[in-house]
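Working notes, beginning with the structure itself.
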Amino acid sequence: MGILPQLILNSIIAGAIYTLVALSFNLIYSTTKFFNLAHGVMAAIGGYAVFYFSKTLGLDIHIAIVLGVILTGFVGFGVDKFIYLQLRKRKASNMVLLVASLGVMTALQAIIAILFSSRFKTLSGNIDTQKIFTILGGVITQTQLVILLSAVLIMAGFVIFLYKTQFGKTVRAISDDEEVARIIGINTNKIIGYIFFIGSAVTGFTGILIGFDVGIEPTMGLSLLLKGVIASIVGGVGNIYGGVLGAFLLGFVENFGIWKISGEWKDAIAFALLIVFLIFRPRGIMNK
Amino acid sequence: MKQSTKWIIGVIVAVAVVAIGYFVLKDSSDISAKTIKIGVIAPMTGDLAFMGEGIRDAILIAKENMGNTKNRYEVIFEDDQLDAKMSASAANKLLSVDKVDAFVTFSSVTGNVVAPIAEQNKAVHFGIASDSNVAKGKYNFIHWTPPSEENKVLIAELQRRGIRKLGIFKGNAPGAIAVIDDLKEQLKDTNIEVVTEQVFNSGEKDFRTIIAKSKDSGSEIYLLLAFSPELEILVKQMRETGITTPITSIENFEMSEQLDLFEGEWYVNSADPTADFINKFNTKTDKSPTLGAANAYDIFNLIVAANEKVEGTSKPTSDQVVTELMKITNFSGALGNLSVNEDGIIVSKAAVRIIKDGKPVTVGN
Amino acid sequence: MEYLIHLAILFVIYATLGVSLNLVVGYTGLLSVTHAAFYGIGAYTTAIFLTKSGVGFFSSLVSGIVIVVVISFLVGVVLSKFKGDYYALVTFGFNAIIFAVFLNWQNLTNGSLGVPGISRPELFGINFANNFNFLILALIFFVLVYFASRFIVNSSFGRVLKAIREDETAIAVFGYKTLSFKLVVFIISAAMAAVAGSLFASYITFIDPSSFQLTESMFILAIIILGGLGNLRGSILGALFLILLPEILRFVGFSSDIDAQMRQVVYGIILILLMLYRPQGLIGEYKL
């Protein structure tokens with residue numbers, strides 16, 4: 001079989017991680033319409049929260065994960081309430097919000113580094129004893145299976161939440177036109193606050209999963225976010241299925257790209273994919 | 001814009017200019033003319049701050065253990081965050097404000113930026129860097145076991161073990177590139193073959209695809225040239241993929257905080273830091289020496305030794321110090337017996353070591 | 001004294017970068033995050049020409065400008081399709097790709113080892129190895145760039161740019177080909193960055209890819225946002241602040257890891273406060 005099964009598995013795992021980021025980024029972007037650069041930091045916050053709860057406080061790992069996810073949600077909610085909401089009230093443009101989110105990202109990253117030092121840490125033990133599965137000659141670890149499963153479940157959750165619930169309907173109304181939504185009596189700022197909570201919590205969870213699979217560092221968010229953004233745009237911004245499709249396409253292009261050319265071109269390949277899509281299909285695969 | 005805002009801005013700028021001007025033009029005659037000042041430029045902030053701190057600690061240890069000298073010595077540390085323009089700023093600040101007589105720099109980037117400045121201003125400069133460009137010019141020196149030296153030891157050990165097929169994983173960084181370029185040159189005369197060479201950028205966390213690419217290469221050993229955390233993640237992902245092939249490295253294993261990942265593996269390292277140095281470093285910092293710490297310790301002692309040897313009662317000039325430095329042979333340092341060659345490179349030896357029970361041990365030469 | 005001259009040279013180079021970027025961001029309203037790419041191409045052209053061939057500094061400078069004009073033309077054509085945050089993202093991606101080229105095209109750029117031994121210019125018997133002479137040279141280029149920029153923004157061409165910034169559709173209705181205006185100003189701005197790059201390479205005499213990363217583009221952007229968008233003097237002020245700030249901190253004393261991170265926290269908070277209370281920067285005339 002050669003290298004192919006492993007390559008496909010690697011692409012799927014990478015795609016699953018990008019899916020999680022793309023889904024949450026898409027959710028926030030489609031309601032607020034600005035590039036929230038601070039979104040990636042939420043992954044680091046989730047990861048470090050679990051590190052603190054489980055390794056420093058010695059809590060049970062499952063409780064630590066739940067607490068970590070909730071805490072990340074609240075951080076996202078707080079950032080929106082105290083900064084982005086204030087800017088929206090001042091009728092700030094998307095660009096102003098983007099620059100402000102750059103400030104939020106810089107400050108939060110540095111705060112994490114002060115609290116935990118900037119050195120790389122892992123949530124699993126030093127020497128891994130986790131189960132490894134072999135599929136058609138390719139290997140996948142238990143953590144990676146969990147990542148894959150989470151991506152599927154969270155995607156399903158998003159579909160149900162956005163298309164089957166009353167809350168989802170209001171969210172979609174805001175995405176379509178915030179002005180109109182407000183006129184028909186939706187408290188848009190409150191809903192956007194909830195959206196920030198959910199989006200950040202999902203990213204925090206992603207960070208935790210990455211922490212178990214690879215490890216955490218304060219600056220882990222930006223590259224993760226960029227991959228999520230590329231996936232969203234390639235797939236179609238504001239479209240759940242598009243985001244997932246884009247994420248897996250990116251995973252496959254990256255991993256198959258460095259099959260034949262050297263590994264140091266990986267990031268360039270990702271951005272080249274983005275630019276190719278922007279030129280030829282700027283609204284993504286699933287244009288809305 | 002309001003008039004008041006303009007005033008505030010004007011005042012802030014004026015204060016800033018005056019503040020820097022004050023420090024620059026401040027008369028430093030209060031220090032006796034026979035004080036030798038050494039400026040050290042290393043990353044003191046940012047992700048690699050721990051390396052800069054190791055270098056600072058090593059130099060401070062050397063200074064504390066200096067004994068009686070006829071000259072006084074003073075060390076000033078500056079941060080450059082490994083950024084070229086910051087390195088140049090730090091070097092200029094040290095020259096103008098502190099009026100240093102010698103520089104110590106860490107990394108190839110910093111060394112390459114400071115070397116021409118040192119040469120122009122006739123200040124002795126020691127780089128802790130693998131790039132031999134840093135030693136160009138009369139006043140520039142390098143203290144770093146040269147890649148060629150380390151590769152000789154590596155090749156000898158590979159041959160001793162009968163290994164014919166070598167796989168390489170290298171981070172895209174100056175040190176690793178210098179080592180691999182030289183290694184390939186040296187391998188031409190041997191029967192050892194590089195069967196796969198994988199490159200990745202610093203910051204990469206997912207090595208699974210390049211591992212898969214190298215899996216069927218038939219490598220009998222993998223040479224890993226990467227810093228923490230890429231090194232640990234790479235090894236972990238290799239093991240997860242089921243690769244049990246031995247791994248080796250040059251320098252990198254010992255800097256990891258997870259030595260147990262490399263249990264039982266041999267590697268090449270610049271000659272042991274002496275037990276004496278390791279003890280002193282442990283006592284002061286509670287840590288093992290970081291990358292380049294032993295080099296920094298030696299450099300300080302070499303600069304002191306050369307300055308002390310200059311005869312006469314006036315302050316030694318850089319030319320005199322360089323002359324003395326070039327004469328040094330068999331200097332007993334933290335990295336063994338050191339000599340300075342004609343290119344201004346301190347020749348130190350490399351040794352084969354092994355991680356045994358979570359600790360590095362030398363296995364003879 | 002050398003130190004002050006050195007800082008003055010850095011300041012002049014970054015003021016050149018700031019003034020030129022302001023033409024695109026401040027006057028035309030396009031958030032470009034790729035200035036370091038053109039700065040880098042200028043620097044690498046000079047470095048490679050001076051070390052690998054017998055060409056003099058001024059020929060290498062002109063070659064750098066020509067190469068940047070060609071590349072920025074191509075990039076500008078791609079960018080002409082985008083606005084707002086998509087524009088920012090594409091420029092972001094372009095910077096990442098150019099950085100990958102600097103890092104990985106080893107035969108040409110020497111990869112991460114960098115290019116050492118770049119010589120200083122010599123002209124009319126004046127040797128610019130002397131830092132003071134070099135400062136005068138850099139200053140002459142800066143004055144040229146500044147007055148060229150001032151001429152542009154005060155000309156009828158500049159008035160169209162400002163009109164594009166305020167309302168592109170409206171100005172297009174009057175028959176102005178807004179795309180060509182945006183393209184031309186983008187190319188001019190990039191060419192000016194190439195001049196700064198040439199000066200930087202021959203001043204430091206050593207360059208490596210790390211000087212031209214995305215963070216450098218953000219640093220230049222921070223200069224003009226802090227100083228003020230749509231105001232050329234604002235960019236000079238911004239460059240003065242951001243070049244001097246870390247140097248002043250040398251004398252205040254740091255040395256621990258935490259102080260540097262504290263600085264990042266302060267940077268982040270300043271950005272947020274600036275966006276909340278003064279989105280046009282210190283003396284700016286345009287809000288993002």
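So, restricting to helices (runs of 4 or more DSSP H) that lie completely within the stretch B:42-120, which ones have at least 1 residues that are at the interface with chain C (Cβ under 7 Å from one of its Cβ atoms) and at pLDDT 90 or above?
Ranges flagged: B:84-93, B:108-120.
Tell me, which helices (runs of 4 or more DSSP H) lie completely within the stretch C:49-114 with 3 or more residues that are more than 10 Å from chain A (Cβ to nearest Cβ), more than 17 Å from the chain's Cα centre (by Cα) and of a type in the set (Ser, Thr, Tyr)?
In the stretch C:49-114, the matching helices (runs of 4 or more DSSP H) lie at C:57-79.
List the number of the failed condition for residue C:39; all other conditions in (1) more than 13 Å from chain A (Cβ to nearest Cβ); (2) hydroxyl-bearing (Ser, Thr, Tyr); (3) farther than 14 Å from residue C:202 by Cα hold.
(3)
Look through A:18, A:48, A:52 and report the one residue that is surrounded by fewer than 24 Cβ atoms within 10 Å (Cβ to Cβ) and in contact (Cβ under 8 Å) with a residue 12 or more places away in the chain.
A:52
List pairs: first residue in the stretch B:51-64 and over 17 Å from residue B:129 (Cα atoms) and in contact (Cβ under 8 Å) with a residue 12 or more places away in the chain, second residue charged (D, E, K, R) and open to solvent by 10 Å² or more (accessible area, probe 1.4 Å) anywhere in the structure, Cβ distance under 7 angstrom, at least six positions apart or on different chains.
Taking only residues 6 or more apart or on different chains, the pairs are B:57/B:284; B:61/B:280; B:61/B:284.
Kindly indicate whether residue A:199 is surrounded by 22 or more Cβ atoms within 10 Å (Cβ to Cβ) and under 16 Å from residue A:74 (Cα atoms).
So residue A:199 passes the test.
Suppose the filter is surrounded by 21 or more Cβ atoms within 10 Å (Cβ to Cβ) and modelled with pLDDT of 90 or more; does residue A:205 pass it?
Yes: the conditions hold for residue A:205.
Restricting attention to the stretch A:241-288, which residues are more than 25 Å from residue A:5 (Cα to Cα), open to solvent by 70 Å² or more (accessible area, probe 1.4 Å), within 13 Å of chain C (Cβ to nearest Cβ) and not in a helix (DSSP H, G or I)?
Matches in the stretch A:241-288: A:281, A:283.
Failed condition for residue C:230, given (1) more than 30 Å from residue A:41 (Cβ to Cβ); (2) surrounded by fewer than 24 Cβ atoms within 10 Å (Cβ to Cβ), with all others met?
Among (1) more than 30 Å from residue A:41 (Cβ to Cβ); (2) surrounded by fewer than 24 Cβ atoms within 10 Å (Cβ to Cβ), residue C:230 violates only (2).
Given B:254, B:204, which one is open to solvent by 20 Å² or more (accessible area, probe 1.4 Å), charged (D, E, K, R) and within 19 Å of residue B:153 (Cα to Cα)?
Unique residue meeting the criteria: B:254.
Kindly provide the set of residues from the stretch C:141-156 that are loosely packed, with under 14 Cβ neighbours inside 10 Å and either under 16 Å from residue C:11 (Cα atoms) or under 14 Å from the mean Cα position of the chain (by Cα) (or both), ordered by number.
Listed by number, the residues that qualify are C:143, C:144.
Residues that are touching a residue at least 24 places away in the same chain (Cβ under 8 Å) and within 30 Å of residue B:358 (Cβ to Cβ), at least 3 per element: which strands (runs of 3 or more DSSP E) completely within the stretch B:243-335 meet that?
In the stretch B:243-335, B:247-249, B:266-270 are the strands (runs of 3 or more DSSP E) which contain 3 or more residues that are touching a residue at least 24 places away in the same chain (Cβ under 8 Å) and within 30 Å of residue B:358 (Cβ to Cβ).
Could you run through the stretch B:132-151 and say how many residues are more than 16 Å from the chain's Cα centre (by Cα) and closer than 19 Å to residue C:114 by Cβ?
Residues that pass the stated criteria total 2.
The values are calculated or read from the model by the stated rules, or taken from the named source; none is laboratory data. What you are looking at is a predicted structure, and each value in this text was computed from that prediction instead of being measured. Heads up, the Cβs are rebuilt from the backbone with ideal geometry, glycines too, and the neighbour counts pull from every protein chain shown. All accessible areas refer to the heavy atoms of the entire protein, side chains included, with ligands and DNA or RNA removed. Shrake-Rupley method; radii C 1.70, N 1.55, O 1.52, S 1.80 Å.
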